[in-house]
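Enquirer: Next up is a structure, given as structure tokens.
The values are calculated or read from the model by the stated rules, or taken from the named source; none is laboratory data. Given the structure is predicted, the values throughout are model-derived calculations rather than measurements. Cβ atoms come from the backbone with ideal geometry, glycine included; neighbour counts cover every protein chain shown. Ligands, DNA and RNA are stripped out before the accessible areas are found, and what is left, the full protein with its side chains, is counted by its heavy atoms. Shrake-Rupley method; radii C 1.70, N 1.55, O 1.52, S 1.80 Å.
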Amino acid sequence: MRRVFFVVFLFCWGMLVFRPSTHAQARIEGLGSVPPEGVITLMVGAGVAYYMGDLVDGVDFAHLGLGPNLALGGMYRLTEHVSLRSELRYYQVQGDQQYSRNAKNNLSFRTRNPDIYIGAQGDLFPFSRQVRANPYLFAGLGTTILNPKANLGGTWYSLPPLTTEGVNYSQTPLLVVAGIGFTYRLTGRWGLGLELCNNFLSSDYLDDVSGFYPEPDALPNDLARQLSDRAPEIGQAPNQPGFQRGNPKVKDSYVFLSVKAQYLLTTRYFAQQRKKTRCPKF
């Protein structure tokens, strides 16, 4: 399913990216007529984040476990249709097996992480047309910092140092970002839009769950053993070493649904014109 998604996404995105530029200009309030190349736009976003991993069974609308996401970024326009794009984001996701078919394992987590990526955005309509609503696709590469935690007795414990599966995994995996959205132009410089973004990780440890239950003696301390196998907390028999704890064949991911505000800050052309008209120094 993911392969089909990527093939369709890359085809549509490529159709936008490789459209020819017309070298037209747009008239922007406060800036005058400017070419698209070199336009700099600031972005601020907020919305909800949704986790997809080993502790949930598909999309459960009754128990989505949504968390917040915040973003701050910018774009540098290369052509009529294409911009470089980068964002620094912060998000929270969580999951709990009590709502899944593996409820007897009783595993749960919460994580609050930053991430960052750089990529490209392809707009459907050219910049010079200044249409009211402009759909777009975007994709990029980046990284996030994994720090899943579990609650025990009212205290949240960081799980990576405890190696609950006997594995020391990387806390900075590769992040692949792919999304779709649209911007509605409010004025020449302000825009507001909606965006759906899927974030694919090269790691299966966003939730600290991936493979199999380890030998208890291989874990560093009693806290690690208790958080590795939480079935006894709800009256279930302990899981035997080697029993499946997660699904290592499918990597974790998280989804953002966000509202994005954009402000056209300046353009390379405007900066060059201002430099030319600057008074000479004596």
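Enquirer: Under a plain spin-label model, where a point goes 7 Å from the Cα along Cα-to-Cβ, how far apart in nm are residue 130 and residue 99?
Expert: 4.6
Enquirer: Turning to a different aspect of this structure: Hey, what's segment 45-158 come to in accessible area per residue, 1.4 Å probe, Å²?
Expert: 43
Enquirer: Using the Cα centre of segment 127-221 as the reference point, and only Cβ charges (+1 on K/R, -1 on D/E), how large is the resulting charge dipole? Debye, rounded to the nearest 20.
Expert: 1040
Enquirer: What part of the accessible area of segment 93-201, given as a whole %, is carbon or sulfur when the probe is 1.4 angstrom?
Expert: 60
Enquirer: How would 200, 182 rank on accessible area, largest to smallest, probe 1.4 Å?
Expert: 182, 200
Enquirer: How much accessible area does residue 129 have with a 1.4 Å probe, in Å² rounded to the nearest 10?
Expert: The accessible area comes out at roughly 140 Å².
Enquirer: Moving on. What do you reckon, how do 260, 249, 149 stack up by accessible area (1.4 Å probe), largest on top?
Expert: 249, 149, 260
Enquirer: Rounded to the nearest 0.05, what FRET efficiency do residue 167 and residue 196 have when you use their Cβ-Cβ distance and R0 = 35 Å?
Expert: 0.60
Enquirer: Now a separate question. Multiply the residue separation of residue 157 and residue 221 by 0.36 nm, subtract the distance between their alpha-carbon atoms, and state the gained length in nm to one decimal.
Expert: Extending this stretch completely gives an extra 21.7 nm.
Enquirer: Charges on Cβ only, +1 for Lys and Arg, -1 for Asp and Glu, centred on the Cα centroid of segment 59-197; of 169, 126, 86, which one is farthest towards the dipole's positive end?
Expert: Of the options given, the answer is 126.
Enquirer: Given R₀ = 30 Å, what would the calculated FRET efficiency be for residue 116 paired with residue 64, taking r from the Cβ atoms and rounding to 0.05?
Expert: It comes to 0.75.
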